[in-house]
Structure formats: structure tokens, C-alpha cells
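This report concerns only the one structure given below.
Read-outs throughout are calculated quantities, based only on the coordinates presented, and are distinct from any laboratory measurement. Only a predicted model underlies this, so the values are computations on that prediction, with no experimental measurement involved. Here Cβ is always computed from backbone atoms with ideal geometry, including for glycine, and neighbour counts include all displayed protein chains.
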Amino acid sequence: MLLTKEKAEEIVGELVEQGKISQQEAEEIIEELMDKTEAGSKEAKSRVKSGLDSFLDKTGLKRKEEQKDEVNELRDKLRIVELEVEALKREVEALKEEE
């Protein structure tokens, strides 16, 4: 069950109306619940990220950022090869002209 702040305020507000707790106690309870909810959310996100990282490592798959870096590196290498091919073409043409 997802506990929203509004739902927590509603539940705790009923306790205040019934005189079972003070308004101060209600505010403290709501703050504590929200802190615990946030901590649980952060922990869940951390576990998901850890699980995803583990899965990617085991499968050899890469994150989008890593893929971009690899693509850029390959583009750079391709450009170097293209320049080398152009230089070789010029050398071949020069050799043909000498014949």
C-alpha cells in the first residue's frame, strides 16, 4: 500500500479529532512517516540500480552513456582510417603518374 502524505494526514487527523493524540504529535508522526517513506524509496531505487548494474555486467550490455562513448571512439578511429586511405590513394596516384 502506498502511503501518501495526504492519506497519512487524514489518518492522523482523525486521531487528533478523537483526542487520542495532540496536533504536535500528529505533525511528528507525519514527518516520521514521510522520512521513512523517503528512505524506503531511496533504498528501493538503490537496489534496482544495483540489480541493473549487476545484470548489465553479467550480460555484457552497456549503459547508454557507455554506448555513446564507444560510438564516439569508433567514429574517431574511422576518421583516422579514412584519412589514411586518402593518403594512400594520393600515394598510389603519384606512383601511377611516375610510370
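Just a few scattered comments:
- Multiplying the residue separation of residue 83 and residue 5 by 0.36 nm and removing their Cα-Cα distance gives an extension gain of 21.9 nm.
- Magnitude of the charge dipole, the chain, Cβ model with Lys/Arg +1 and Asp/Glu -1, debye to 20: 420 debye
- Exposed loop sites here are trypsin sites (Lys or Arg not before Pro) assigned a DSSP state other than H, G, I, E or B and surrounded by at most 11 other beta carbons within 10 Å; excluding them, the longest clear run of the chain is 21-62.
- Entries of 68/89; 36/58; 5/45 with Cα pairs more than 25 Å apart: 68/89; 36/58
- FRET efficiency, 1/(1 + (r/R0)^6) with R0 41 Å, evaluated for residue 74 and residue 98 via beta carbons: 0.70
- In terms of overall dimensions, the C-alpha atoms belonging to the chain reach 107, 25, 16 Å along their principal axes, ordered largest to smallest.
- Gained length - residue 37 relative to residue 57, 0.36 nm times residue gap less alpha-carbon distance: 4.2 nm
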